[in-house]
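Notes follow the structure.
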Amino acid sequence: MSGARRVQLEPAYLLHHRPYSDSSRVLDLVTLNHGRVTLFARGARRPGSALAAVLQPFQPILVSWTGKADGGTLTAAELAGDPVPLAPARLMSGFYLNELLLKLLSREDTHPEVFELYAGALAGLKEAAGGVAEQVTLRRFEKGLLDALGYGPDLTAEVRTGQPLDPAGYYHFRAEFGVVAAAGPGEGAFEGVELLAVAAGRFEGLPAQRCAKRVLRAALDACLDGRALRSREVMLALRRQENDT
């Protein structure tokens, strides 16, 4: 359905927008049935436009358009429920989710599971008071996105032998290769029990959180192929600033 000439009330979230001409906007959205799409919202920047309050990030909307999903014209947009804003302290995490989708989702490549994963992550960020809950939400999204796109690493077996990981053993993770046995608990090595926890999606314990952050970041960086994440850079800068005060 990527070439549909008319789409009505498609569930969507706004990922990014930019000005177009004097009064319009170009929208990048993730949708339930059409994947990531780019639409022209004509007149959306005019004073008093009803679209301004609807076309906001992190809130579920229903959009209608004509033309192809990549470069079509928005004809209507409405809220899909009561808007629940992200807390200011969670905004950078939200923008991080958006940037991952913008860089890793191909246009018009339908992934309903990714749409639901994103909606669940936003709900988690809105409920999270920060700290562990926020980090667990981010790690679940990262792992789910990698798995959905076919890039999820196998963290259950040693890649050279095919043998299941020993929970008491030590391993290195190579994004371009997989999990390889380590001689011992040297620098950069993970315990098997940590990798197995990440593989099962269990991120509650601090060792598993640290392992998940390093492993999933390495896997994502390999998928990004050198493209930097602006939201990640901003988050790191903010953390450095907090540590300096």
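Read-outs: derived from the displayed coordinates by stated rules, not from any lab. Treat the numbers as computed from the prediction; the structure is a model and nothing was measured. Ideal geometry is used to build each Cβ from the backbone, glycine not excepted, and the neighbour counts take in all protein chains shown.
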Practice problem: Using Cα positions and a limit of under 26 Å, work out the lysines in reach of LYS126, with same-chain residues fewer than 8 apart set aside. | Solution: LYS103, LYS143, LYS213
Quiz item: How many angstrom lie between the C-alpha centres of region 34-73 and region 181-224?
Solution: 39
Practice problem: Could you run the Karplus curve 6.51 cos²θ - 1.76 cosθ + 1.60 with θ = phi - 60° over region 181-193 and give me ³J(HN,Hα) per residue in whole Hz, x for Gly and Pro? | Solution: 5, 10, 5, x, x, x, 4, x, 7, 10, 6, x, 4
Quiz item: Quick one: Karplus J couplings for region 60-76, per residue in order, coefficients 6.51, -1.76, 1.60, θ = phi - 60°, nearest Hz, x for Gly and Pro?
Solution: x, 9, 10, 10, 10, 8, 10, x, 5, 5, 9, x, x, 10, 5, 10, 6
Practice problem: Name the shape class, rounded, prolate or oblate, that the alpha-carbon gyration tensor gives for region 130-216, where a ≥ b ≥ c are the square roots of its eigenvalues, rounded holds for a/c under 1.5, and otherwise prolate holds if a/b is larger than b/c and oblate otherwise. | Solution: oblate
Practice problem: Can you tell me the 0 to 90 degree angle between the C-alpha axis of helix 206-224 and the longest principal axis of the chain, rounded to 10? | Solution: 60
Practice problem: Pull up all non-local amide H partners of HIS111: gap of 5 or more, or a different chain, and H-to-H distance under 5 Å with H placed in the peptide plane. | Solution: GLY35
Exercise. Please name whichever of ALA208, PRO167, VAL132 sits farthest to the positive end of the charge dipole of the chain, dipole taken about the Cα centre and charges placed at Cβ: Lys and Arg +1, Asp and Glu -1.
Key: VAL132
Practice problem: Give me the net charge of GLU204's neighbourhood, meaning all other residues with Cβ under 15 Å from the Cβ of GLU204; Lys, Arg count +1, Asp, Glu -1. | Solution: +4
Quiz prompt | the chain, relative contact order in percent, only Cα pairs under 8 angstrom and at least six apart counted | solution = 15
Practice problem: Using only the alpha carbons, work out the radius of gyration and Dmax of the chain in angstrom. | Solution: 20.2, 66
Practice problem: Report, in debye and to the nearest 20, how large the dipole of the chain comes out about its Cα centre when Lys and Arg carry +1 and Asp and Glu carry -1 on their Cβ. | Solution: 800
Quiz item: Karplus couplings for region 17-25 from phi (6.51 cos²θ - 1.76 cosθ + 1.60, θ = phi - 60°), rounded to Hz, Gly and Pro as x?
Solution: 8, 8, x, 9, 6, 7, 9, 10, 9
